[in-house]
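Peer 1: Sending over a structure as structure tokens; questions will come in a sec.
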Amino acid sequence: MAGISIISRPIATRQTQTPIRPSAQDQALSTDNVPSPLLPTLLDLPSHVIADILSRLPAKNVIHCRCVCRTFRKLLSEPYFIKLHLSRSPTTLIIAQYDSAELKKLKLVELEDEPDHHDLYYDPVMEFSPGVGFQLLVGSVNGLVCLCSFSQHESDTIYICNPTLRQYATLPKPKHERKYPFLIDTAFGFSSVSGEYKVVRMSEGPADDRRLSTYRTACEVYTLGTGSWRSVGDVPLLEGWYGAASLNDKLHWLVSELEGQERVICSFDVEKEVFRTLSPAPPLNPISSSGYQIVSLTVLQGCLCVCDNSADDGDIVVCWMMEDYGVKESCSKEIVISKKFVQDWLSYEMIYPLKVLKDGDVLILFWDVRLFSYSPKSQTLEDLACAPGGIMLVVLHDPSFVSLRDVRASILFEKV
């Protein structure tokens with residue numbers, strides 16, 4: 001079988017061009033021009049029709065429309081418009097990058113996804129610096145992004161921000177500190193039933209300081225707007241909580257049973273706040289020569305996806321997709337990447353499939369530092385330089401106008 005070749009292509013920068021003269025539409029929207037009574041304007045349309053039209057625009061263009069007049073600003077701030085725009089918001093990438101010692105910048109990369117081609121565009125206008133340091137990009141839900149700053153022997157500092165609206169809020173300190181030998185994982189989820197956003201924090205460590213081999217995992221939850229963390233009890237006999245995947249109002253982890261080390265997919269219902277073992281993991285490669293089993297859990301095409309990069313025999317990366325939610329028998333090998341003739345850095349590191357594009361290529365994140373598109377047809381990897389300064393952390397992001405002021409108004413320390 002032919003080996004995989006790697007192509008490098010720099011990302012384009014989205015340029016904002018100023019027209020030589022205003023278009024007829026711009027003249028109709030301008031508050032500096034008094035329209036003739038004989039010429040109808042966009043403002044003469046029913047409000048729901050205006051909302052339907054403007055909800056199809058990218059977030060940056062909607063921001064421009066909010067500056068046109070008070071009528072537009074009010075209309076585009078209504079819950080009906082915010083929900084409608086979110087349902088149509090094109091998926092983008094949020095990239096977190098280092099600024100000196102800590103991650104401080106969030107950069108938006110637009111994804112042009114067409115049946116015959118795809119491309120990425122970095123838009124410097126939409127770059128957002130919250131003004132705080134963070135080391136972890138937890139996740140993005142409905143345009144809200146969760147960030148985490150941590151250090152040893154201190155409680156984490158967790159932020160929620162909306163890069164589109166230039167808003168961020170600091171949450172109260174969690175109860176459990178990050179200290180050896182405890183391991184901490186933070187996840188961000190949403191319940192469509194109650195409309196609540198929740199930060200879920202797993203603390204894995206010894207149940208008894210005198211018996212380090214006896215493990216327990218404690219869980220605490222913060223519901224945005226409540227002002228305090230709540231404990232939801234222990235999760236017994238499971239370890240390896242890292243990197244949650246959000247699907248169907250549930251958070252999912254690929255964890256191990258302490259007795260037997262079998263990998264299972266565990267889910268947390270964001271609304272009911274209940275854990276359960278969803279399904280055994282699909283067949284995985286044994287522990288590799290690196291000494292680890294390198295597997296990740298993501299969501300791909302609306303399905304849970306387990307990516308296994310542990311192979312010694314055959315040298316392949318295998319991505320299993322669970323077509324029927326919770327049914328192990330529905331798992332199938334949807335993506336198989338040969339590592340033969342590819343540089344060693346592809347082997348034995350975490351690989352996260354992010355999105356299947358309309359042309360059939362797959363957007364893949366390698367170890368939080370490199371972004372590729374993989375073509376199953378040609379078996380080639382294309383190295384994508386996403387934004388100036390390189391990649392540190394990447395998540396899929398749907399830009400929205402969900403305001404932190406409206407998400408349970410008692411959020412602490414909000415700054416705009």
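The values are calculated or read from the model by the stated rules, or taken from the named source; none is laboratory data. All values reported here derive from a predicted model rather than from experimental measurement. In this analysis, Cβ positions are derived from the backbone assuming ideal geometry, glycine residues included, and neighbour counts consider all displayed protein chains.
Peer 1: Answer yes or no as to whether Leu86 is at pLDDT 90 or above, among the aliphatic types (A, V, I, L, M) and either surrounded by 18 or more Cβ atoms within 10 Å (Cβ to Cβ) or part of a helix (DSSP H, G or I) (or both). Before the answer, list the steps.
Peer 2: Details: at pLDDT 90 or above: yes; among the aliphatic types (A, V, I, L, M): yes; either surrounded by 18 or more Cβ atoms within 10 Å (Cβ to Cβ) or part of a helix (DSSP H, G or I) (or both): yes.
When the stated conditions are applied, Leu86 passes them.
Peer 1: Go through Tyr215, Tyr242 for me and flag whichever is within 20 Å of Cys148 (Cβ to Cβ), at pLDDT below 90 and either assigned to a loop (DSSP other than H, G, I, E, B) or assigned by TED's automatic domain parsing to the domain that holds Leu147 (or both).
Peer 2: Tyr242
Peer 1: All but one of (1) farther than 22 Å from Ser246 by Cα; (2) among the polar types (S, T, N, Q); (3) assigned to a strand (DSSP E or B) hold for Ser151; state the number of the condition that does not hold.
Peer 2: Of (1) farther than 22 Å from Ser246 by Cα; (2) among the polar types (S, T, N, Q); (3) assigned to a strand (DSSP E or B), only one is false for Ser151: (3).
Peer 1: If you don't mind, another one. Filter the range 37-72 down to the residues that are in a loop (DSSP other than H, G, I, E, B) and in contact with a Lys or Arg (Cβ under 8 Å, 6 or more places away or on another chain), then identify the one that is surrounded by the fewest Cβ atoms within 10 Å (Cβ to Cβ).
Peer 2: Looking at residues that are in a loop (DSSP other than H, G, I, E, B) and in contact with a Lys or Arg (Cβ under 8 Å, 6 or more places away or on another chain), I get Cys67.
Peer 1: Another question, then. Can you give me the number of residues within the range 342-352 that are of a type outside the set (Val, Ile, Thr) and either modelled with pLDDT of 95 or more or within 15 Å of Thr380 (Cα to Cα) (or both)? Break it down into steps so the answer makes sense when it comes.
Peer 2: Residues of the range 342-352 of a type outside the set (Val, Ile, Thr): 343-350, 352.
Right, trim to either modelled with pLDDT of 95 or more or within 15 Å of Thr380 (Cα to Cα) (or both) and you get 343, 346.
Residues that pass the stated criteria total 2.
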